[in-house]
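Asker: Take a look at this one; I'll ask things after.
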Amino acid sequence: MAASHSYTLRGQVARLELTTRMTLAILATASGVFTYLGVRELLDGDASTVLFGAIIYSVSVSVGIYAFWSYLMRIMPHVRRPAGRRMLYLAMALGAAMIMAMSAWLNAAALAGAAALEQHMSVTTEEYQGKLNQAHENALAAQSLLPDIQLASQRFARLADEERSSGALTGTSGSGTVVQLLQQMSSQLGSLQSEIEGSRDAVRDLFEDGGKRLAEMRRIVATDGSVKTRGTEYASQATELAGIIGSLQQTSVAPSVRRAAEDLGRTFIAPAADGSDAALQGRQTAVVEQVGAAVRQQSQALAQAADAILDRPYVEPVRFKPLSAPEAVVMYARDFLPSWAGAISIDLMPAVLVFILCIVQDQIRREEGEDEAEFGDMSALDMMRALRLQQRLAAVETGTPAGVVRDAPALVPDDDVVQQNEPPFAPVRQTR
């Protein structure tokens, strides 16, 4: 029963020989085709050079894959010693790694290269969106100082009016030293307020222009057509958007507010009292000192607020880096795992066939026995020749005349041999 089973297994392996070869050839050819499509994106030069180089490389890959797996299919199932089998497994792992290095990633580029390039442009668009928003926020941060500056300017102006009309500070109405000083402080803060308000329009215009560039970049990513052509358009839009982001950072008035705040407190010079009598001059001097203290306090508060804005992280400019399809597939490999799985499977699927053949050959040897397996391929005619050769050797050892052995009847005549398994040479006829 075991011999019959092993005979069936041997027959099935023999029948699948052609299928195995065709499968291996088709897989090697498919890998070569996809390798050609992938490597064509990496080569540079004129059309004929790129075409010739891509064909040579892809043909080399196909031949290498076919030869490598053919060697393993022919040899590995018949290696019995564990040490030899382990060495072949090591060779298979090394060869598989080399095949993936020279072919699998190019196959993945052919399968998902265009999608990977679109993914790269989409991710870069989101980065530009974040940088644009951050630069816009930094540019508008100085606008938060506007209410404090407005209140301070209005307060100085109101005090000047009250002092002019009713002498609320010195007790004597009129446009004297105190009124002039208060008006001067209100005017300086008003100029700073106008500068901040003027920057608001410029920031708004730049941000709207950046939004238009982002919308155009998203349209380029989503539209149909050649990825190379769209990539060129995308790079142009990205360059312009990078300039807009840089302009937004230069539009911030926080440095101007910082300098104005320092000048406001540092350059304050108290005017001399010009009252008509000593009592009025004394009151004017006291009010001027109070105004100077208020100005220095306001200057310090504005400087601290401006420093907080200036301490915000600088928006590093984004630079769009064009990629080839293989580079994009490698960079965004996690997003294209199915494509990678298919590309690797094309190259490594023959390994499954090798394992199947090893398992079948081990099963045949176990059922036939190790000793019987050694003679499992010997035909009946081969066995008869071996017996006659053994008789002749025995006659030589015992000194029996050659004619005796030659005239000895054969155990089984050659004509009686029914099953012949296509011996490699014609049978030797005995002569009487």
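Asker: Rolling a 1.4 angstrom probe over the protein heavy atoms, how many square angstrom per residue are accessible across segment 33-131?
Answerer: Value for segment 33-131: 53 Å² per residue.
Asker: Moving on. Can you put THR35, THR8, THR20 in order of accessible area, largest first, using a 1.4 Å probe?
Answerer: From most exposed to least exposed: THR8, THR20, THR35.
Asker: Tally Lys/Arg at +1 and Asp/Glu at -1 over every other residue whose Cβ is under 14 Å from the Cβ of ARG312; what's the total?
Answerer: -2
Asker: In whole Hz and in residue order, list the ³J(HN,Hα) couplings for segment 74-83 that follow from phi through the Karplus curve 6.51 cos²θ - 1.76 cosθ + 1.60, θ = phi - 60°; x for Gly and Pro.
Answerer: 7, 9, 4, x, 9, 8, 9, 5, x, 5
The values are calculated or read from the model by the stated rules, or taken from the named source; none is laboratory data. In this text the structure is predicted, and so the values were computed from the model without any measurement. Reconstructed Cβ throughout: ideal geometry from the backbone, glycine too, with neighbour counts over all protein chains shown. Side chains included, ligands, DNA and RNA excluded: accessible areas come from the protein's heavy atoms. Shrake-Rupley method; radii C 1.70, N 1.55, O 1.52, S 1.80 Å.
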